Every structure is written in C-alpha cells, then in structure tokens.
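First up is the structure itself, then whatever we jot down about it.
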Amino acid sequence: MANEIFDTLEKFAGYGFNRSHSAAYAWVSYQTAYLKTNYPVEFMAAVMSNEVANTEKISVFVAECERLGIKILPPDVNKSGLKFVPEEVSDEGVAALQLSRKAKVVEADAPDDDEGVNFEEMPTGKAKKAPEPAAPVQKIYVGSTRFGLAAIKNVGESAMEAGVIEREKSGDFASMEDFCGRIDSKKLNKKSVECLVKCGAFDWNGIERAQLFSEIDGVIAAAASAHRDKATGQVSLFDDFAAASPPKKRTFANSVPPYTSAEKLGFEKELLGFYVTGHPLDDYRPLLESSRYTPIARLGELEDKSTPTIAGALTSVEKKFTKKDSKPFAVVIIEDLTGPLEVMIWNETFNKSQQHLVQGAIVSITGRVDQREESPRLTANEIKPIKKPAKPASERAVVLTFDRATATEADLAKVREIVQRHPGPQALEFVFTSPSRGPVRLRASRDFSLTLSDTARDELAPWLTR
C-alpha cells in the first residue's frame, strides 16, 4: 500500500496544481486574454516592454503583432520611448478583429461532417501530411507600436533614458549633432550613436544612413568639445545669437554611397532582432505563403519522420567532413517569414545540391522531420533553387518623374495629398531628371505606399511613368 501511494504521489509530482493554484492561473489567464482581446496594441507593447532586453523573444512577439495586424514602427529618437509605446490605435480595426474571432468560434462549433465515424477502426501508422495553411485573407489594421530605444542592441539604457528626458524637457532633436550635443558625453558613446544610425533612429531627418554614419566621428568630437567648454564655464560671445538664428542647411564634405536595401535590412536584423523596413523575402511572400510549402513555425505540429517541404533564404552555410571517411556534408540555417531552422545535409544530398548551397540563396528543402529534440530539426532529402516570381501589376512600384528645373514644392505637396487619399501596397518612387546631370531616383517611405486605382492614375497623370 505504501508503494502504491508513493507511485501516485510521484506521478502527481511530475506536474500537478492544487485547486488554489489552478484558480489563480485561470484568473490571470482570463485577465490577460481580456486585455489582449480589447486592447491588443497596448497589451503587445507591454509584453514586449517586459522582455525589452531579450531580442529572441522580441522577434517572437513581433511575429504575433504581424498576425494581429499591429504595425511595428522603427526606432526614432524623436518619437520612441525607452520601451515599446503604442503610437496609434484603430478602434475600427480592434472591433473588426473581435468580429473575425467570433466568426472563427462559431465555425469551430459547427457540427463535423465526420460525426459518428469510428476512428479507432481506421488504419494508423501513416505520417500526417503538412497542415494546409488557410487561404490568405485581407489583414486587419489594428494599430501601431513604436520600437523602444532600450531594445536596440549595444545602446546603453542610461544614455537612452537621458535622451528621452532631455527630449521631453527641451523639445525634439533637430539633428544628430543636436542629439549628441544635448546628451552627456559620459553616457553616450560612439558605439551607441553608430547603432542608432544603422537601425534608422535618425531617418526622420531625410539624410541617408551611410552619410550620417560617415559623419559620426566629427559629430562626437564636436559634442565632446562643447561639453568640455560648458563644464569649464567657457561660453562663446555669439552663443545667444546662434541659439536665436535658424539652423543652417546641412552640407557634407564628401558624398557617401547609400546603403543597399540588403545592408539596411541586415543592420536592422542584427540590432533589432527582426526586419522593420522590409524583409529580404518580401518578393517571395505570395509563394512562401502558398499551400506548396510548410511554414517553419508549424513544423512542430507534424509527426516525427514526416517529410514536408519548406522554403526560404539560406542565412548560414557550414560545410564539414565526416570523421570516419572524410565525406563532405553541410549544416545550414534556412529562414522563412516565420523563423529560422537548422537543416542537416548529408553526403548524398550534398553532392547533388552543392551548387545551391550559397549564403543568401533562396531554396526549397524537402526532408525528414526529427521531433526528438526540444525543437524540430530537418534532414534534407532534396534541395531546389527558387526563382524570383514576377510581381503582379497591382504590386509594382509606382514611378513618378519630375523635371528638376520646373518641379516645385507645391507639386510634391499635391502628390503627397493624392497618395494619402489612395493608400495601398504599391511602393512609390520618384525620378528627378536634368539635362546636365543623370537622373536621381528616390524611393518614398513605406508610409506613402498606395493603390494605383483609375482615379489615382488620373490624378497622378502629369508625373506618372508607369
């Protein structure tokens, strides 16, 4: 009897709640579910702020924000708080999200066509197929959250706290020089400023990140000198006049080529833990979200030894040799829109697909799932390259052309007004032409993407290229 009682206790000790514990967890679960349902933007901002130092968890929460229809805005020294802060809440979007959830609950409660079937008599032992993703639906916009400054890698929290306090006390920063000059140089170092520039925290000033990065040494030196003078009581005779005069237009001694889109996205991924202004796989999104491929995040739902096909970019390729007979194999990291996965590529598959194993390559991998570890792993059976799909006309960039000699600020203001009346998925690009110089091409912020409807086409006709 003692052994029997002990066995019962031992089994319960594996994972058991007493009733008061269960009640407390149920109450907290209800409270958090209520907040997430009725205040999704505020709730997700609070959750991410609670894990502000954990970049891996932040990336998971960002994916959840994407699913809910919450836009994550990049860090901005003039708008960001120390942690994540809700910037906009769409009451209509929250209501629409709640209605869509209720519809799903009703659908789930509907009687099943297979009701009454005796599943115990059906054959077993077959691996489950990859779950079919639901048909894509129009995403509901719920609101936006601004990335917190303290969540940026290699940026000191004390320096960012000083920056937020200074901004609230004396107003927005006018430039990078103003930012460095107004914050104690003992708290703000060069590495912090570099990281702020690389992740786009100064993009509001309209200057390319690469150009700003090249100016950091001079800006830091000037700020340090000004701080030293202030500490020793040295004040210029013309300080009051300088403070009263409007800021001068920025000029640069040397023009620096702007970062490529891939470089910008790489810095964002490195410093923020996820891509903010875009994703390297955005052009492949319709293909990756089709039923042809299983999202990496859903591999854990499959049975052990099932053989799904995944697709994404190879972010790491490590080629090795077996100890026994020195046969080549590879360990790669593939990343899709839902996350990364480690894949083993043994000798036979490696020899067939070696030419495709290049970092940055977009490939599909069919393989066997191993569920014995904490997270699923894949052993590749087949690897194929994926060609970049052609964009449908409805998603191509809208290009507007201006003559630099005749274009006016009023023209640009009119274009902005038209674009804001026709929001949508298409990027906006400007081409400025000049007889004496080559054309200058600029891409507008994602905030100015549009839908080129017939009405928008007519309104933009004077500048429309395509």
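Determine, for Val164, Val343, Val28, Val398, the number of other Cβ atoms within 10 Å of each Cβ, and report the residues in order from fewest to most.
Least crowded to most crowded, the residues run Val28, Val164, Val343, Val398.
Taking the dipole about the Cα centre of the chain, with the C-beta of Lys and Arg at +1 and of Asp and Glu at -1, give me whichever of Ser353, Gly218, Tyr141 is farthest to the positive side.
Gly218
Only counting other Cβ atoms within 10 Å, I'd like Glu166, Glu417, Glu87 sorted with the fewest neighbours first.
Fewest-to-most ranking of Glu166, Glu417, Glu87: Glu417, Glu166, Glu87.
Label Val399 and Glu92 with points 7 Å out from Cα along Cα→Cβ: what is the distance between them in nm?
3.4
Which Cα, out of Ala297, Thr322, Leu341, lies furthest along the positive dipole direction of segment 285-344 (beta carbon charges, K/R +1, D/E -1)?
So the residue we want is Thr322.
In terms of modelled amide H atoms, which long-range or inter-chain residues lie less than 5 Å from the amide H of Ile70?
Amide H to amide H, under 5 Å and 5 or more residues apart or across chains, Ile70 pairs with Val142.
Taking 0.36 nm per intervening residue step and subtracting the Cα-Cα distance, what contour gain separates Asn154 from Lys320 on full extension?
Additional length available on full extension: 56.5 nm.
Over 24 Å between Cα atoms: which of Lys71/Lys191; Lys83/Lys153; Lys305/Lys352; Lys190/Lys264 fall into that group?
The answer is Lys71/Lys191.
At most 13 other Cβ atoms within 10 Å and a DSSP loop assignment: could you name the GluC sites (Glu not before Pro) in segment 342-412 that fit?
Listed in order of number, the matching sites are Glu373, Glu374.
Can you bin every Cα-Cα distance in the chain into 10 Å intervals starting at zero and give me the percent of pairs per bin, rounded to whole numbers?
Reading the bins upward from 0: 3, 14, 21, 24, 19, 11, 5, 2, 1, 0.
Quick check: from the Cα gyration tensor, does segment 282-385 come out rounded (a/c under 1.5), prolate or oblate?
It comes out oblate by the Cα gyration axes.
Any idea what the dipole of segment 393-459 comes to, in debye rounded to 20, about its Cα centre with Lys/Arg Cβ at +1 and Asp/Glu Cβ at -1?
Dipole size: approximately 260 debye.
Going by alpha carbons, how many degrees (0 to 90, nearest 10) lie between the helix axis of 261-272 and the longest principal axis of the chain?
70
Let's see if you can work this out: charge +1 on each Lys and Arg Cβ, -1 on each Asp and Glu Cβ, no other charges. What is the dipole magnitude of the chain about its Cα centre, in debye to the nearest 20?
With only Lys, Arg, Asp and Glu charged at Cβ, the dipole is about 1540 debye.
Apply 1/(1 + (r/R0)^6) to the Cβ-Cβ distance of Lys327 and Ala410, taking R0 = 60 Å, and write down the FRET efficiency to the nearest 0.05.
After rounding to 0.05, the efficiency reads 0.30.
Given a Förster distance of 41 Å, report the FRET efficiency between Thr307 and Thr451 from their Cβ-Cβ distance, rounded to the nearest 0.05.
0.50
Taking 0.36 nm per residue of separation and subtracting the Cα-Cα distance, what length does fully extending Asn18 through Thr433 add?
142.0 nm
Can you tell me the 0 to 90 degree angle between the C-alpha axis of helix 216-232 and the longest principal axis of the chain, rounded to 10?
Once rounded, the angle reads 60 degrees.
Quick one: Tyr259, Tyr25, fewest Cβ neighbours within 10 Å first, how do they rank?
Tyr25, Tyr259
Return the distance in nm (one decimal) between the two label points of a simple spin-label model at Asp282 and Leu9, each offset 7 Å from Cα along Cα→Cβ.
Here the modelled spin labels are 6.2 nm apart.
Taking the chain as the reference, fit the longest principal axis to its C-alpha atoms, fit the long axis of helix 409-421 to the helix C-alpha atoms, and give the angle between the two in degrees, 0 to 90, nearest 10.
Between helix and principal axis, roughly 20 degrees.
Give the residue from Val28, Gln426, Val62 lying farthest towards the positive end of the charge dipole for the chain; charges sit on Cβ (+1 for Lys and Arg, -1 for Asp and Glu) and the dipole is referred to the Cα centre.
Farthest towards the positive end: Gln426.
Using label points projected 7 Å from each Cα along Cα→Cβ, tell me how many nm separate Trp27 and Asn54, to one decimal.
2.5
Regarding segment 336-466, what whole-number volume in Å³ per residue does the convex hull of its Cα atoms give?
Dividing the Cα hull volume of segment 336-466 by its residues yields 170 Å³.
Quick note: the coordinates plus some simple rules give every number you see, no bench work behind them. Values in this document were obtained by computation on a predicted structure and should not be read as measured data. In this analysis, Cβ positions are derived from the backbone assuming ideal geometry, glycine residues included, and neighbour counts consider all displayed protein chains.
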